[in-house]
1. Are any of the residues in the stretch 8-15 within 12 Å of the chain's Cα centre (by Cα), modelled with pLDDT of 95 or more and either farther than 15 Å from residue 99 by Cβ or surrounded by 15 or more Cβ atoms within 10 Å (Cβ to Cβ) (or both)?
2. Among the helices (runs of 4 or more DSSP H) lying completely within the stretch 1-67, list those that include at least 2 residues that are in contact (Cβ under 8 Å) with a residue 60 or more places away in the chain.
C-alpha cells in the first residue's frame with residue numbers, strides 16, 4: 001500500500017498558491033477561465049497532488065511563457081487526449097524539474113490571461 005495517494009483531493013487552492021508562490025487571485029482566475037481540473041462533485045474545491053502538477057504547468061505557461069487561456073486550454077487538451085498517464089506524469093515531472101530551476105523572481109503573477 002502506498003503511503004500517499006496522488007489522486008486523493010486534499011489541497012485547497014490557497015495551499016497550492018503558497019506552494020507555487022502565486023497569488024490566490026491568479027489561481028482563481030485560472031479556475032474561472034476553466035484552466036484548472038474540474039471539481040464539480042464538491043462544495044469546497046480540493047485538489048490532488050497530480051492536479052497540483054497540472055496547475056503548476058498551467059501557471060508556468062501563463063506567467064513565464066505568456067500563453068493566453070485559449071492556448072493553455074489547447075496544450076492541456078493535447079496532453080489529456082494524446083498521452084497515457086505514465087507519459088503525462090513523466091512529462092509533468094520534467095516540467096516541474098525545469099520550473100524548480102527558475103527563481104521566484106523569474107516568475108511573475110499575471111492579472112490578465
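1. Within the stretch 8-15 (the criterion being within 12 Å of the chain's Cα centre (by Cα), modelled with pLDDT of 95 or more and either farther than 15 Å from residue 99 by Cβ or surrounded by 15 or more Cβ atoms within 10 Å (Cβ to Cβ) (or both)), the answer is no, since none of the residues qualifies.
2. Details: elements: 13-20, 24-32, 49-63.
Of the helices (runs of 4 or more DSSP H) lying wholly inside the stretch 1-67, those with at least 2 residues that are in contact (Cβ under 8 Å) with a residue 60 or more places away in the chain span 24-32.
The values are calculated or read from the model by the stated rules, or taken from the named source; none is laboratory data. Everything numeric in this text was worked out from a predicted model, so none of it was measured. As a convention, Cβ positions derive from the backbone with ideal geometry for all residues, glycine included, and neighbour counts pool all protein chains shown.
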